[in-house]
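J.: Pasting a structure below so you can have a look.
The values are calculated or read from the model by the stated rules, or taken from the named source; none is laboratory data. Quantities reported herein were computed from a predicted structural model and do not represent experimental measurements. A quick note on method: Cβ atoms are made from the backbone with ideal geometry, for glycine too, and the neighbour counts reach across all protein chains shown.
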Amino acid sequence: MNLDLLRSFFAICEFGSLSKAAEQLHVSQSTLTRQVQTLENEIGGQLLERGHSGVALTAAGHALLEGMRPVVANADIVVSEVRKLARGQKASLRIGYLMSAAGEYLNPALAALRRSHPDTKVHLMDLSPGDLVGALRKGELDVIVLGNINAAIAREFFVRRIATLPVVVAMPETHALADREEIALAELRPDVFVGANSDDIPGFNNWLIQLCRRAGFRPKIVENAKGLTHTLSLLVAENAVTLLPGLVSAFKVPGVTFRPLFRPPATWDLQVAWQRGKIAEPVRELVNLLTKKLQVVAKPTRRS
């Protein structure tokens, strides 16, 4: 159905007169009459009753007005948003992130973005890495912040590094090495490891296995966790260990401690990713804010 015909019909309904509606729309009355006739032919019935005092809606006209007015209004909104996107503008920004990255990296960038783009509505979603990638792929998110252990991401999206982080060993407080200042990975050969569900953190287990191979052994993965909270709970429940980015060492988790990994040397890159193609200005600004001052590897603070 032609939206312009519907807009003309709405104008006639609003003014109650063909002549007033034609004047408002800057068209001739005969043009407006033909548009109404075209619409009535498409509907298959009369929409307006014409009289000396103006026009009145028929039952079909009332139904069309009430049913299609919100549809046309929504279509206008969609067209406006698409045009903004095509011009590199956007009134909203949908960001997916890892909770552990929010405080130190994302929140300061969002504060600066609010100052430079006060009219941009920001929507935040705390998701697992797997869900972040899926939502970006479907167009449900504009920007995601996540780790770099899945190299395939860079082949699908634009990616830039935010920070290079150290890797820490996460273990129960009762572990024999829990009081050590730092740990060599080879010392964990006898231990069982907690891995990650491949849908939750794609590439994590391969990354873990490759690091352990550099230390001369293959890790025994006792269970694949779904999410960070599940991972930390399994460490205590299974008396297991795992490797995590250093930013999680800021968390105070009962029964769990974090120790720096010093051999083999390992780092974890925190990255921002977005869809290929022309991007909206708020997306560009957020990426620049996140990557403006690249954070170098810092030794994680020891916490127990």
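J.: From the list Arg213, Arg189, pick out the single residue that is touching a Cys at 6+ places or on another chain (Cβ under 9 Å), modelled with pLDDT of 95 or more and surrounded by fewer than 22 Cβ atoms within 10 Å (Cβ to Cβ).
T.: Numbers: Arg213 fails: touching a Cys at 6+ places or on another chain (Cβ under 9 Å).
Just a single option satisfies the conditions, and that option is Arg189.
J.: Which ones in the stretch 250-267 are touching a Pro at 6+ places or on another chain (Cβ under 7 Å) and surrounded by 21 or more Cβ atoms within 10 Å (Cβ to Cβ)? Don't jump to the end; show me each part of the working.
T.: Restricting attention to the stretch 250-267, the residues satisfying the condition of being touching a Pro at 6+ places or on another chain (Cβ under 7 Å) are 255-256, 258, 260, 267.
Listed by number, the residues that qualify are Val256, Phe258.
Residues are listed down the side, and each one gets a yes or a no for (1) touching a helix residue (DSSP H, G or I) at 6+ places or on another chain (Cβ under 8 Å); (2) surrounded by fewer than 12 Cβ atoms within 10 Å (Cβ to Cβ):
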site	(1), (2)
Ala101	yes, no
Tyr105	yes, no
Leu127	yes, no
Gly130	no, no
Ala151	no, yes
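J.: I need the full set of residues from the stretch 133-149 which are buried (at least 18 other Cβ atoms within 10 Å of the Cβ), farther than 20 Å from Glu285 by Cα and among the aliphatic types (A, V, I, L, M), in order please. Walk me through it before giving the result.
T.: Taking the stretch 133-149 as the starting set, the residues that turn out to be buried (at least 18 other Cβ atoms within 10 Å of the Cβ) are 133, 136, 141-149.
If we keep only those that are farther than 20 Å from Glu285 by Cα too, we end up with 133, 147-149.
Residues satisfying the conditions are Val133, Ile149.
J.: Only one of these is assigned by TED's automatic domain parsing to the domain that holds Ala102 and modelled with pLDDT under 95: Ile279, Ile201. Name it. It would help to see each step written out before you state the result.
T.: Values: Ile201 fails: assigned by TED's automatic domain parsing to the domain that holds Ala102.
Residue meeting the stated conditions: Ile279.
J.: Could you check the stretch 107-118 and list, in sequence order, the residues that are charged (D, E, K, R) and either surrounded by 16 or more Cβ atoms within 10 Å (Cβ to Cβ) or farther than 11 Å from Leu93 by Cβ (or both)?
T.: Arg115, the sole residue that qualifies.
J.: Restricting to the stretch 229-249, give me the number of residues that are of a type outside the set (A, V, I, L, M, F, W, C) and closer than 14 Å to Asn197 by Cα.
T.: Taking the stretch 229-249 first, the residues of a type outside the set (A, V, I, L, M, F, W, C) are 229-231, 233, 238-239, 242, 245-246, 249.
Cutting the leftovers down to closer than 14 Å to Asn197 by Cα gives us 229-231, 242.
Counting residues in the stretch 229-249 that are of a type outside the set (A, V, I, L, M, F, W, C) and closer than 14 Å to Asn197 by Cα gives 4.
J.: Would you mind stating whether Ser249 is in contact with a helix residue (DSSP H, G or I) (Cβ under 8 Å, 6 or more places away or on another chain), among the polar types (S, T, N, Q), assigned by TED's automatic domain parsing to the domain that holds Glu182 and modelled with pLDDT under 95?
T.: Working: in contact with a helix residue (DSSP H, G or I) (Cβ under 8 Å, 6 or more places away or on another chain): no; among the polar types (S, T, N, Q): yes; assigned by TED's automatic domain parsing to the domain that holds Glu182: yes; modelled with pLDDT under 95: yes.
Judged against the criteria, Ser249 is not a match.
J.: What is the residue count in the stretch 22-73 for residues that are hydrophobic (A, V, I, L, M, F, W, C), in a strand (DSSP E or B) and surrounded by fewer than 15 Cβ atoms within 10 Å (Cβ to Cβ)? First the steps, then the outcome.
T.: Residues of the stretch 22-73 hydrophobic (A, V, I, L, M, F, W, C): 22, 25, 27, 32, 36, 39, 43, 47-48, 55-57, 59-60, 63-65, 68, 71-73.
Still in the running and in a strand (DSSP E or B): 48, 55-57.
Going one step further and asking which of them are surrounded by fewer than 15 Cβ atoms within 10 Å (Cβ to Cβ), we end up with 56.
Adding up the residues that qualify gives 1.
J.: On to the next question. Just one of (1) part of a loop (DSSP other than H, G, I, E, B); (2) within 21 Å of Asn148 (Cα to Cα); (3) at pLDDT 95 or above trips up Asn239, so point out which.
T.: (2)
J.: Separate question: Can you pull out every residue in the stretch 127-159 that is over 20 Å from Thr291 (Cα atoms) and not hydroxyl-bearing (Ser, Thr, Tyr)?
T.: We begin by selecting, within the stretch 127-159, every residue over 20 Å from Thr291 (Cα atoms); these are 127-128, 130-131, 134-135, 137-140, 152.
Once the filter is applied, which keeps residues that are over 20 Å from Thr291 (Cα atoms) and not hydroxyl-bearing (Ser, Thr, Tyr), the stretch 127-159 yields Leu127, Gly130, Asp131, Gly134, Ala135, Arg137, Lys138, Gly139, Glu140, Ala152.
J.: Which one of these is over 30 Å from the mean Cα position of the chain (by Cα) and either without any contact (Cβ under 8 Å) to a residue 40 or more places away in the chain or assigned by TED's automatic domain parsing to the domain that holds Ala135 (or both): Arg214, Arg284, Arg218, Arg259?
T.: Going through Arg214, Arg284, Arg218, Arg259 in turn, the sole match is Arg218.
J.: Which numbered condition trips up Leu243, out of (1) over 31 Å from the mean Cα position of the chain (by Cα); (2) under 30 Å from Leu290 (Cα atoms); (3) of a type in the set (A, V, I, L, M)?
T.: (1)
J.: Take the residues in the stretch 227-236 that are surrounded by fewer than 22 Cβ atoms within 10 Å (Cβ to Cβ) and hydroxyl-bearing (Ser, Thr, Tyr); name whichever of them is modelled with the highest pLDDT.
T.: Ser233
J.: When the residues of the stretch 1-21 are filtered to those that are surrounded by 13 or more Cβ atoms within 10 Å (Cβ to Cβ) and charged (D, E, K, R), which remaining residue is farthest from the chain's Cα centre (by Cα)?
T.: So, considering only residues that are surrounded by 13 or more Cβ atoms within 10 Å (Cβ to Cβ) and charged (D, E, K, R), the one farthest from the chain's Cα centre (by Cα) is Lys20.
J.: Further question: Only one of these conditions is not met by Pro202: (1) touching a residue at least 40 places away in the same chain (Cβ under 8 Å); (2) touching a Cys at 6+ places or on another chain (Cβ under 9 Å). Which number is it?
T.: The one condition Pro202 does not meet is (2).
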